[in-house]
1. Using label points projected 7 Å from each Cα along Cα→Cβ, tell me how many nm separate residue 183 and residue 78, to one decimal.
2. Calculate, in nm to one decimal, what residue 24 and residue 39 gain on full extension: separation in residues at 0.36 nm each, minus their alpha carbon distance.
3. Between residue 160 and residue 194, what FRET efficiency comes out of the Förster formula 1/(1 + (r/R0)^6) with R0 = 25 Å and r the beta carbon distance, rounded to 0.05?
4. At R0 = 45 Å, how high is the FRET efficiency between residue 137 and residue 31 if r is their beta carbon distance? Nearest 0.05 is fine.
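Nothing in this text is a laboratory measurement; each read-out follows from the coordinates by a stated rule. All values reported here derive from a predicted model rather than from experimental measurement. Every residue, glycine among them, receives a Cβ derived from its backbone with ideal geometry; neighbour counts consider all protein chains shown.
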């Protein structure tokens, strides 16, 4: 089965290019290097936090706290190449510390769906797109927190299975199992919108 009209999600921006040298400089206390890392990752971390905590204000606070904690813990980072995964792990822990883990919501808005990118003047087309987006929101929101988290990380954030496993501290098999179960649940709940 395929999602109607292609993908429901657009992947978030790609992970920044290899920045091992930049991370090494930041580890050595180079503030401009860390500021550049902040510019590369802050929007991505904000979006990740926003999906976990639901509130824009809480997401901004979580993003700021993530980078403060990252700066303080940076000297202990062993592999510069894993900076992005490490940073997501810090963000996840910060969001958990905010006491929001059990009440995580689906993203306030699904990032640009394939429907939102088409310039259509037909009211019926917009109504159908809105109806599908609402159905997807409700379906994702109905998932268990564990399933919702892996769906958001994989399909919205664009993280691969290995990165998700490392961030969550679980095995790749567990990530794949949660994704499979979540997809099956979403398939059932969204069957009216799927092509045969």
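1. Roughly 3.2 nm, to one decimal.
2. Details: separation 15, 0.36 × 15 = 5.40 nm, distance 1.63 nm.
The span from residue 24 to residue 39 would gain 3.8 nm if fully extended.
3. Efficiency, from the Cβ-Cβ distance: 0.50.
4. 0.65
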